[in-house]
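Visitor: Below is the structure I would like to discuss, written out as structure tokens.
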Amino acid sequence: MIKFGYAPVVSRTLDLDSSDFSLRDELIREVPSYKKCIGCGGCTSTCSAHQHTEFSILRCNMLFRRGKYDVLEKELDKCMLCGKCLLVCPRNVNTRDMIIKMRLLVQHKNKKQ
Ligand code: SF4
Ligand code: SF4
């Protein structure tokens with residue numbers, strides 16, 4: 001077999017039909033501003049944890065929206081809840097509250113499984 005020095009990347013196709021979105025509506029009820037997020041990434045670029053680790057609040061948000069709760073629980077623990085991201089959000093999303101509620105919902109969901 002000829003080696004080209006690279007390999008095909010793992011498919012990132014999303015199967016939305018089999019995704020679990022059960023917690024999304026609950027989070028919107030608890031933190032209504034969550035619905036206004038446009039995914040601009042401003043929160044991630046200002047995040048102190050992101051500057052020193054691979055933690056990304058935007059990634060957490062995406063994982064949550066896609067129902068990937070198993071991976072998300074560990075990821076959310078890296079947030080220091082400093083609230084810096086809250087100051088830069090152009091949509092006034094209460095990111096700090098969003099993370100706190102996300103943690104609770106995801107922990108509860110993963111415990112039940
Ligand atoms: S800065 Fe606000 S609008 Fe932009 S991705 Fe973060 S939470 Fe969403
Ligand atoms: S609250 Fe969490 S996500 Fe926001 S800036 Fe602080 S460490 Fe980053």
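The values are calculated or read from the model by the stated rules, or taken from the named source; none is laboratory data. Everything quoted here is computed from the prediction, not taken from an experiment. Every residue, glycine among them, receives a Cβ derived from its backbone with ideal geometry; neighbour counts consider all protein chains shown.
Visitor: Hey, can you tell me all the residues within the range 73-87 that are more than 9 Å from ligand 2 (Cβ to nearest atom) and either modelled with pLDDT under 90 or more than 10 Å from the chain's Cα centre (by Cα) (or both)?
Guide: Across the range 73-87, the qualifying residues are LYS74, ASP77.
Visitor: Ok, one more. Restricting attention to the range 75-113, and to residues there that are among the polar types (S, T, N, Q) and surrounded by fewer than 16 Cβ atoms within 10 Å (Cβ to Cβ), which single residue is farthest from LEU14 (Cα to Cα)?
Guide: ASN92
Visitor: Can I ask one more? Restricting to the range 1-34, count the residues that are over 21 Å from HIS108 (Cβ atoms) and of a type in the set (D, E, K, R).
Guide: Residues flagged as over 21 Å from HIS108 (Cβ atoms) and of a type in the set (D, E, K, R) within the range 1-34 amount to 4.
Visitor: Any idea which of TYR6, TYR69 is within 13 Å of the chain's Cα centre (by Cα) and among the hydroxyl-bearing types (Ser, Thr, Tyr)?
Guide: Matching residue, one of TYR6, TYR69: TYR69.
Visitor: Just to be sure I understand the filter: pairs with C-beta atoms under 8 Å, separated by 6 or more residues or on different chains, first member in the range 77-106 and touching a residue at least 24 places away in the same chain (Cβ under 8 Å), second member of a type in the set (Phe, Trp, Tyr) and surrounded by 17 or more Cβ atoms within 10 Å (Cβ to Cβ). Which pairs pass?
Guide: Partner pairs satisfying both residue conditions: LYS78/PHE55; CYS79/PHE55; VAL93/TYR34; ASN94/TYR34; MET98/TYR34; MET102/PHE64; VAL106/PHE64; VAL106/TYR69.
Visitor: Output the number of the condition that ASP97 fails; it satisfies all remaining conditions of (1) outside any loop (DSSP other than H, G, I, E, B); (2) modelled with pLDDT under 95.
Guide: Here ASP97 meets the rest and fails (2).
Visitor: Can you tell me which residue is farthest from ASP20 (Cα to Cα) among those in the range 59-74 that are crowded, with 19+ Cβ neighbours inside 10 Å and more than 9 Å from ligand 1 (Cβ to nearest atom)?
Guide: Looking at residues that are crowded, with 19+ Cβ neighbours inside 10 Å and more than 9 Å from ligand 1 (Cβ to nearest atom), I get CYS60.
Visitor: A follow-up question, please. Checking the condition in contact with a helix residue (DSSP H, G or I) (Cβ under 8 Å, 6 or more places away or on another chain), surrounded by 12 or more Cβ atoms within 10 Å (Cβ to Cβ) and touching a residue at least 60 places away in the same chain (Cβ under 8 Å), which residue from SER22, SER33, SER56, SER48 passes?
Guide: One residue alone meets the criteria, SER33.
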